[in-house]
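What follows draws every value from the coordinates through simple rules; no lab data is involved. This is a predicted model, so every value here is computed, not measured. So basically every Cβ, Gly included, is an ideal-geometry build from the backbone, and we count neighbours across all protein chains shown.
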Amino acid sequence: MIQDFKGTTAVLTGAGSGFGLECARIGARLGMNLVLVDVQQDALEAARREMEAAGAAVLARQVDVADAAQMEQLARDVEQRFGAPHFVFNNAGVGAGGLVWENSVADWEWVLGVDLWGVVHGVRLFTPMMLEAAAKDPAYRGHIVNTSSMAGLLTPPNMGIYNTAKAAVVSLTETLYQDLKLVTDQVGASLLCPYFVPTGITQSDRNRPSALASGAPTKSQLIGQAMSEKAVSSGKVSAAQVAEMVFDGIRSNRFYIFSHPKALGNVKSRMESILAIENPADPFAERPDIGEKLRGQLRS
Ligand SMILES: NC(=O)c1ccc[n+]([C@@H]2O[C@H](COP(=O)([O-])OP(=O)(O)OC[C@H]3O[C@@H](n4cnc5c(N)ncnc54)[C@H](O)[C@@H]3O)[C@@H](O)[C@H]2O)c1
């Protein structure tokens, strides 16, 4: 596990906003070299300027994490500039909602592209570099943190694409953890599952590629957008606090990093339903009004 971050290198995707930006700020304070990756050029540029002003050595790359060739070029650039990274944060993500049968092929391609394939590329490109560094240097320590969501563990209604992508990231990252344990003690993995935290996530459309443009939103999509805006904007835990949790998770080699451990009661209910072979429980059991409101709006 990494204890001393000074002089080590972090690759952070989605570094222009939210959790990625806050992790970059901590990395700069700790004296890390920073590889800032984002698709949104102005946000990336602002982050680059801020981190350089804070004294960090920065490589900033405008990359769409869903794009295999762009990610391959990124990996080559990182290797050339800093060598193998020590902390890889596969974090860039976008959200889309609505009843699951109403989503278009473009909706699926966009969200699975960023939220799942972005993580796949980060894992397949950076893990071998980290393992090679570990084999060469017994003192090398590396850690990969993938951002999923409580949605990946709870399966809430009216946000099926996002749930699907995030559940796949849970599976991918748990497998990564198990696979790493087979081959090394020098590289670890963690899964970040935030609940509702105020960031730019509900304005994800700002970075939607025109080739995957959405059609006119359906009623369920409009309802979903309004509900997530409300839930995210009223979140009490800040993105900066979540970023501190990420670094604490790396230091203590903790796999599951939860922004809101109290929400785990809902995960417990879901697991208990599975084990009891009962139909799925309400994912927001302590707030039955949420399901009632959704049902009311969708059936009216
Ligand atoms: N905020 C929450 O409540 C919450 C809850 C659960 C999970 N998450 C997850 O946290 C992660 C970070 O999101 P955030 O909340 O900080 O939101 P955010 O919108 O503030 O930050 C996401 C960043 O990813 C970038 N991005 C979007 N598409 C990209 C692409 N194709 N390639 C590269 N970069 C891209 C955006 O430009 C943005 O800078 C996401 O994976 C999100 O799904 C957020």
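What is the set of long-range amide H partners of ASN33 at a cut-off below 5 Å, with H atoms built 1.01 Å from backbone N?
It is GLY7, THR8, THR9, ALA10, by chain and number.
If you rank PHE196, PHE284, PHE89 by fewest surrounding Cβ atoms within 10 Å, what's the result? Display every interim value, and only then the final one.
Working: PHE196 21, PHE284 17, PHE89 30.
By the 10 Å Cβ count, ascending, the order reads PHE284, PHE196, PHE89.
If R0 is 30 Å, what FRET efficiency do you get for PHE255 and ILE277 from their C-beta distance, rounded to 0.05? Kindly include the intermediate steps, with their values, before the conclusion.
Working: r = 27 Å, r/R0 = 0.92.
Step by step, r from the Cβ atoms, then E = 0.65.
So which lysines pass the test for LYS166, namely a Cα distance under 29 Å, with those fewer than 8 places away in the same chain ruled out?
Correct list for LYS166: LYS181, LYS219, LYS230, LYS236, LYS262, LYS268, LYS293.
Rounded to the nearest 500 deg cm²/dmol, what is the calculated helix-only ellipticity per residue at 222 nm for the chain, with -39500 (n - 2.57) per DSSP H run of length n ≥ 4? Could you put the intermediate results ahead of the total?
On the way: 11 runs with 146 residues, N = 300.
That calculation yields -15500 deg cm²/dmol at 222 nm.
Going toward the positive end of the dipole of region 248-300, with +1 on Lys and Arg Cβ and -1 on Asp and Glu Cβ, which of PHE255, PHE284, LEU298 do you reach last?
About the Cα centre, the residue reaching furthest to the positive side is PHE255.
Relative contact order for the chain using alpha-carbon pairs under 8 Å, separation at least 6, rounded to a whole percent?
Numbers: 551 pairs, mean separation 55.8, N = 300.
Reported as a whole number, the value is 19 percent.
Roughly what would the spin-label model give for ASP185 and GLN62, points 7 Å off Cα along C-beta, in nm?
Distance between the two pseudo-spin positions: 4.6 nm.
If amide hydrogens are placed 1.01 Å from N in the peptide plane, which non-local residues have theirs closer than 5 Å to the one on HIS143?
Excluding prolines and chain starts, which carry no amide H, the hits are PHE87, VAL88, GLY188.
Applying the Karplus parametrisation 6.51 cos²θ - 1.76 cosθ + 1.60 with θ = phi - 60° to the phi angles of region 48-59, what ³J(HN,Hα) value in whole Hz is obtained for each residue in order, glycine and proline being reported as x?
Karplus-based 3J(HN,Hα) across region 48-59 equals 4, 4, 4, 6, 5, 4, 7, x, 7, 7, 10, 10 Hz.
When a/c reaches 1.5 or more, the comparison of a/b and b/c decides; with that in mind, is region 186-281 rounded, prolate or oblate per its Cα gyration tensor? Please list the in-between numbers first.
Details: a/c = 1.90, a/b = 1.25, b/c = 1.52.
Oblate.
When the Karplus curve 6.51 cos²θ - 1.76 cosθ + 1.60 is applied with θ = phi - 60°, which whole-Hz ³J(HN,Hα) does each residue of region 257-274 get, with x for Gly and Pro?
Along region 257-274, the couplings run 10, 10, 6, 10, x, 5, 6, 5, x, 5, 5, 4, 4, 4, 4, 5, 4, 4 Hz.
At what distance in angstrom do the alpha carbon centres of region 197-276 and region 50-127 lie from each other?
18 Å
Using a Gaussian network model of the chain with C-alpha springs under 10 Å, which one of ASN207, ASN146, ASN33 is most mobile by mean-square fluctuation?
ASN207
For region 188-195, take each phi angle, set θ = phi - 60°, evaluate the Karplus expression 6.51 cos²θ - 1.76 cosθ + 1.60, and give the result in whole Hz per residue in order, putting x for glycine and proline.
Once θ is set to phi - 60°, the couplings for region 188-195 become x, 9, 9, 10, 8, 10, x, 9 Hz.
Take the chain, connect every pair of alpha-carbon atoms lying under 10 Å apart with a spring to form a Gaussian network, then pick out the residue of PRO85, PRO209, PRO198 with the largest mean-square fluctuation.
So, out of PRO85, PRO209, PRO198, the one fluctuating most is PRO209.
Summing Lys, Arg as +1 and Asp, Glu as -1, what charge do residues with Cβ under 11 Å from the Cβ of TRP110 carry, TRP110 excluded? Could the numbers behind the result be given before it?
Values: positive: ARG208; negative: ASP64, ASP107, GLU109, ASP115, ASP205.
In short, -4.
Could you work out the pair-distance distribution P(r) of the chain from its alpha-carbon pairs, with 20 angstrom bin width and percents rounded to whole numbers?
Whole-percent P(r) values from 0 Å outward: 34, 56, 9, 0.
For a label point 7 Å from the Cα of THR218 along Cα→C-beta, name the residues of region 78-103 whose backbone N is under 19 Å from it.
So the set is 95-103.
Going 7 Å from the Cα of ASP289 along its beta-carbon direction, which residues of region 182-215 have the amide nitrogen within less than 20 Å of the resulting point?
196-197
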